[in-house]
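The values are calculated or read from the model by the stated rules, or taken from the named source; none is laboratory data. As the structure is a prediction and not an experimental result, all values here were calculated from the model. Note: ideal-geometry Cβ built from the backbone for every residue, glycine included; neighbour counts use all protein chains shown.
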Amino acid sequence: LTSGLEAAWTKLKGEEVLTKENIVEPMRDIRRALLEADVSLPVVRRFVQAVSDQAVGVGLIRGVKPDQQLVKIVNDELVKLMGGEVSELVFSKSGPTVILLAGLQGVGKTTLCAKLANYLKKQGKSSMLIAGDVYRPAAIDQLVILGEQVGVPVYTAGTEVKPSEIAKQGLEEAKKKKIDVVIMDTAGRLQIDKGMMDELKEVKKVLNPTEVLLVVDAMTGQEAAALVTTFNVEIGITGAILTKLDGDSRGGAALSVKEVSGKPIKLVGRGERMEDLEPFYPDRMAGRILGMGDVLSFVEKAQEVMRQEDAEELQKKIMSAKFDFNDFLKQTRAVARMGSMTRVIGMIPGMGKVTPAQVREAEKNLKLMEAMIEAMTPEEREKPELLAESPDRRRRIAKDSGKTEQQVSQLVAQLFQMRVRMKNLMGIMEGGSIPTLSN
Ligand code: GDP
Ligand code: MG
């Protein structure tokens, strides 16, 4: 998806304003990029239309190049398409909250039961899992093991009892135990079939769930739209969970869910571990899809905290590959001042996925970096080449900052990588000027 979109921006270089004519080609690239990312055709059509309408409608904003405007419009539309804001899970006001998980086989439902329980535990909520996949004894064992792993009870009634009956018994048990959230695991099939839908309908009737969440594998391609529509029409969903976003997914499914069902993606699974579950952030996903590590918002954010001249200076340095350790430090501190590391890390080129653990790691790195940069001489800060060339200097810095030589070498390497990355990314945009985007 990324490279296709980059081509779209490049075509607008040198243009003064966005017109009906000059957006034709970029829009074709965007369309192709979305289709290649397995976004379903009707969704692509509506998206392209919405972007085109807006693009031609906007007048000349001073200081903003047309390609940047288009990036912004595409970004905003992507965010809108994915629901705009984070959608929280809904909790029942009286009695246990009931979450019913549905979806095809192998998408990660059973794993999610435990991940969800673990997630809710951190919010101080107790959970109970109900083993409703009666077709494979292994599925029940799997849930029991996962339940043990995260320390939550699992209600099982073997494979001889109907899922709706298990659901009923499980719910009663949870009420007795005053459990906050009941999570029902269900069986999936390789394909949508009537038996599965009927069973889900029955279970739903018994449970009267607060949330019916369709679990969708992020790798699901074109079929995502039909899949979501069918489940929504047949059983009525309240939202979706996108799993396996850690894989080599092209993200198409994420774009289709809200558009075809009107229901938001609420959570995303990013791995097999119990901690790998987090809220779905439409803006981050859009940034990821745009594939520029969201340089735009990064620069926007940076501007908020840096004085304008500083930002322009930084800009020049990035363009001329003079980005040095002073800039690195300034920027790092600015980022720290911004507070929300979580959001910002997602914007740094090349750092797409962020887990809470990574955020803590990044904050630790920040302190580490500061210590090492502070141990550099002014000359070394301005000329990182000196450090690249001299192991003696690196050794001294390591000693003075109480870090290892390897850590210093890593920092130096990181700066050079950053130079290259930033130069490449800014080069994508016309002349690389700082976008002063007005809304
Ligand atoms: P179910 O058939 O829908 O119940 O799917 P399972 O929960 O049994 O998961 C199927 C496989 O996908 C298992 O091997 C899981 O470990 C794996 N899995 C589930 N969620 C994720 C995820 O977010 N990322 C990755 N990489 N694997 C996952
Ligand atoms: Mg399962």
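Summary of computed values
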quantity	calculated
Test: residue in segment 117-137 that is modelled with pLDDT under 95, within 15 Å of ligand 2 (Cβ to nearest atom), over 24 Å from G236 (Cα atoms) and part of a helix (DSSP H, G or I)	yes
Within segment 220-238, tally of residues that are out of contact with any helix residue (DSSP H, G or I) (no Cβ under 6 Å at 6 or more places or on another chain), closer than 13 Å to S256 by Cβ and among the hydrophobic types (A, V, I, L, M, F, W, C)	3
Subset of segment 72-110 that is more than 19 Å from I237 (Cβ to Cβ) and among the β-branched types (V, I, T) - its residue that is nearest to the chain's Cα centre (by Cα)	V79
Unique residue being part of a loop (DSSP other than H, G, I, E, B), closer than 30 Å to L171 by Cβ and in contact with an Asp or Glu (Cβ under 7 Å, 6 or more places away or on another chain) when the list is V86, V90	V90
Residues satisfying the stated conditions in segment 37-56, i.e. of a type in the set (A, V, I, L, M, F, W, C), assigned to a helix (DSSP H, G or I) and under 20 Å from M285 (Cβ atoms)	V43, V44, F47, V48, A50, V51
Qualifying position, being away from ligand 1 (no atom under 13 Å from the Cβ) and surrounded by fewer than 21 Cβ atoms within 10 Å (Cβ to Cβ), among V182, V154, V150, V203	V150
Long-range neighbours under 6 Å by Cβ, at least six apart or interchain, first residue free of Cβ contacts under 8 Å to residues at least 12 places away in the same chain within segment 187-203, second of a type outside the set (G, A, S) and surrounded by 12 or more Cβ atoms within 10 Å (Cβ to Cβ)	M196/R189
Candidates G103, G83 - the one that is touching a helix residue (DSSP H, G or I) at 6+ places or on another chain (Cβ under 8 Å), within 16 Å of ligand 1 (Cβ to nearest atom) and on the phi > 0 side of the Ramachandran plot	G103
Output for segment 188-206, where each listed residue is within 31 Å of the chain's Cα centre (by Cα) and of a type in the set (A, V, I, L, M)	L190, I192, M196, M197, L200
When residues of segment 240-270 are limited to those that are assigned to a helix (DSSP H, G or I) and more than 19 Å from L200 (Cβ to Cβ), the one nearest to ligand 2 (Cβ to nearest atom)	A253
Residue within segment 233-250 that is farther than 24 Å from F91 by Cα, more than 13 Å from ligand 1 (Cβ to nearest atom) and crowded, with 18+ Cβ neighbours inside 10 Å present	yes
Meets criteria (modelled with pLDDT of 70 or more and in contact with a Leu (Cβ under 6 Å, 6 or more places away or on another chain)) for E405	no
Residue in segment 162-179 that is touching a helix residue (DSSP H, G or I) at 6+ places or on another chain (Cβ under 6 Å), within 16 Å of ligand 1 (Cβ to nearest atom) and at pLDDT 95 or above present	yes
Given (1) more than 16 Å from ligand 1 (Cβ to nearest atom); (2) in the same structural domain as K205 (by TED's automatic domain parsing), index of the condition S92 fails	(2)
